Amino acid sequence: MGIDTVRAVDQLHVISWNTAGFSRTHELIKSHYGDLHTFLRRHRADVFCVQETRMKASMFSSLAECKQLGAITEGYESFWAFNEQKGVAGGTCGVAVWVRKDLAKGIRATQKVFKVDDFDQEGRCLLVDWGSLALFNVYVPVLKGPEDQPRKLKFLELLRHKVEEMQSAGKMVIVCGDFNLTWRPKDFHGLYVKVVEDCVCGKTEWRLNGGPNRSALLTRGQDSWIRLGEAQKALQSELLVSAASAELRAARPPDGAELLRVVDAASGATLWMKGGGASTPLEIVQGLDGAQQIRLQFGVPASDLAAHGQTYHSVMEPECVEFFSKWLETLTDTFAACHGTAERRFTCWMQRANMRYSNKGSRLDYILCDQRLLKLLVSTKTSQLAGATADEEAQTPQAAWNAATHFGRWHGAHQVQKGDDGGGLSLQQDDMRLNDSQFRAPHTGILYTPPKYSDHVPVSAVFEGLDLAPQASVSVPVLIGSEDTRGTQPWTSQATLGSFFVPSKRPKRS
């Protein structure tokens, strides 16, 4: 028997967001827009998925609490997966999904997805089933050390198995959430290059001057890596000459290096830089006073090092990255599919160090879809991403910085914050024009919410012409029981919602 559900929808706008504590984010949303319904309506969200709610089922024991926390809000039905562990751990993880009420008819949901107690009890995955469409909202474990990789890999393997189970049952599949890994070098700021016997990438011509700075190394087992920028600095050398000296004309870069920059020794001003124009270094210095001192700076171009660069996740959890990359041969990363040329489009920054302000982050958040849904995905043009201008195309790093900071209007704190106030970028809550910049027409891409809402921003995907009802000729089984669904809505354990409004009867006095 199939599920009695809604029929075709012209457009399905899915938003996925790690709020790093939904209660606090929700309070900020209410302070700006009055209630969650208004916020979701302005985003024109049909399905709103949240990770790291950090909320317990016990917090939803009354109608007032449900409304206060956003679980019950006008126009939407919500479903939750809670961390059921005892003690402090119970206040971590958790995911939730809001579905527009007219699309929620007949929905089933469960957090008992894997039938593996530790993962199911942690509230890391919520499965929402329309009958023809299954949506997985996930918060994948963070790797705290190499020893945690087997557990994270097990989670990904279980998730893939469950996705394949839904596909075998004839369902289309969306997987969204925070995967806590990057699979492309362009999705991570600050790549790493391997160091072998004090040589970058094992190349003897790229020997680190004085050996590597051990404090700058990232180690995994017997292997070591260094940030690309640190490696480039360590591979630099200089030669001080006069502008008219024969030494200038005879100067040759060290093996494996190139002349990268010519600098005025007195002022430090750059006179010539590789890739900075058509002129040659000799042409630049011809007009200088022959006695003027200049510095020739040699080194390895960043582009040469980047060809060997790996992300932090590729270094520390290569098996997980390899598994995820392989999985993407059957599922599609919707953002990468639409915006393959876009650079530095991150979804998470270290907020307390103001990293969003300089756009030094990573893309950890994804909306994945299967091949059937890929045909219905709205392939938003990259030129429509936030941050583009008449002079700056949307795929450039500058446009990505424009989007992350709203053209510099979101400003950084004066110093790194160490308190418990969220740190980093200020709320600037009185400037509602700035807060309102987050709202854009539904598209497949990234939504740039105010910085203090979370250290992540939402990702979005739009599908058109989707039929949520099973085809009449196909029998789609019901795989989730009604009891499981009630478990994702703890307020329904009351006799009826109306019981919230009925005052308890007082005993008669004798």
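Points to keep in mind about this one:
- Of all residues in the range 340-351, those being surrounded by 18 or more Cβ atoms within 10 Å (Cβ to Cβ) and of a type outside the set (S, T, N, Q) number 6.
- Under the condition of being in a strand (DSSP E or B) and not hydrophobic (A, V, I, L, M, F, W, C), the residues counted in the range 183-205 number 2.
- Criterion: closer than 30 Å to LEU159 by Cβ, surrounded by fewer than 20 Cβ atoms within 10 Å (Cβ to Cβ), touching a residue at least 40 places away in the same chain (Cβ under 8 Å) and out of contact with any Lys or Arg (no Cβ under 6 Å at 6 or more places or on another chain) - qualifying residue of ALA337, ALA291: ALA337
- Those strands (runs of 3 or more DSSP E) lying entirely in the range 1-102 with at least 3 residues of a type in the set (S, T, N, Q): 8-18
- For the range 387-411, a residue qualifies if it is of a type in the set (Gly, Ala, Ser) and either open to solvent by less than 20 Å² (accessible area, probe 1.4 Å) or at pLDDT 95 or above (or both), and the qualifying residues are GLY387, ALA388, ALA394, ALA399, ALA400, ALA403, ALA404.
- Residue in the range 235-252 that is loosely packed, with under 14 Cβ neighbours inside 10 Å, in contact with a strand residue (DSSP E or B) (Cβ under 6 Å, 6 or more places away or on another chain), of a type in the set (A, V, I, L, M, F, W, C) and modelled with pLDDT of 80 or more present: yes
- Scanning the range 130-143 for residues that are in contact with a strand residue (DSSP E or B) (Cβ under 8 Å, 6 or more places away or on another chain) and farther than 21 Å from GLU157 by Cβ returns SER132, LEU133.
- Matching residues in the range 73-90 - criterion: being open to solvent by less than 30 Å² (accessible area, probe 1.4 Å) and more than 23 Å from HIS43 (Cα to Cα): ALA81, PHE82, ASN83, GLY90
- Checked against (1) loosely packed, with under 15 Cβ neighbours inside 10 Å; (2) without any contact (Cβ under 8 Å) to a residue 24 or more places away in the chain; (3) out of contact with any Phe, Trp or Tyr (no Cβ under 9 Å at 6 or more places or on another chain), ASN209 passes all but a single condition, namely (2).
- Counted residues, the range 9-66 - those being open to solvent by 20 Å² or more (accessible area, probe 1.4 Å), closer than 18 Å to GLN111 by Cβ, at pLDDT 95 or above and of a type in the set (Ser, Thr, Tyr): 0
- Some residue of the range 330-352 being at pLDDT 95 or above, farther than 19 Å from VAL457 by Cα, more than 19 Å from the chain's Cα centre (by Cα) and not hydroxyl-bearing (Ser, Thr, Tyr): no
- Checking each residue in the range 166-186 for being more than 23 Å from the chain's Cα centre (by Cα) and in contact (Cβ under 8 Å) with a residue 60 or more places away in the chain picks out MET166, GLN167, ALA169, GLY170, LYS171, MET172.
- In the range 444-453, the residues that are touching a Leu at 6+ places or on another chain (Cβ under 9 Å) and either closer than 18 Å to PHE179 by Cα or not charged (D, E, K, R) (or both): THR444, GLY445, ILE446, PRO450, PRO451, TYR453
- Cβ separations smaller than 9 Å between residues 6+ apart or across chains give the following pairs from the range 68-82 residues that are at positive phi to residues that are polar (S, T, N, Q): GLY70/SER23; GLY70/SER78.
- Members of the range 106-129 that are within 13 Å of LEU158 (Cα to Cα) and either assigned to a helix (DSSP H, G or I) or open to solvent by 10 Å² or more (accessible area, probe 1.4 Å) (or both): LYS112, PHE114, LYS115, VAL116, ASP117, ASP118, PHE119, ASP120, ARG124
The values are calculated or read from the model by the stated rules, or taken from the named source; none is laboratory data. On a predicted model such as this, the values are computed, not experimentally measured, just so you know. Here the Cβ is made from the backbone with ideal geometry for all residues, glycine too, and neighbour counts use every protein chain on show. Only protein heavy atoms, including side chains, enter the accessible area calculation; ligands, DNA and RNA are left aside. Shrake-Rupley method; radii C 1.70, N 1.55, O 1.52, S 1.80 Å.
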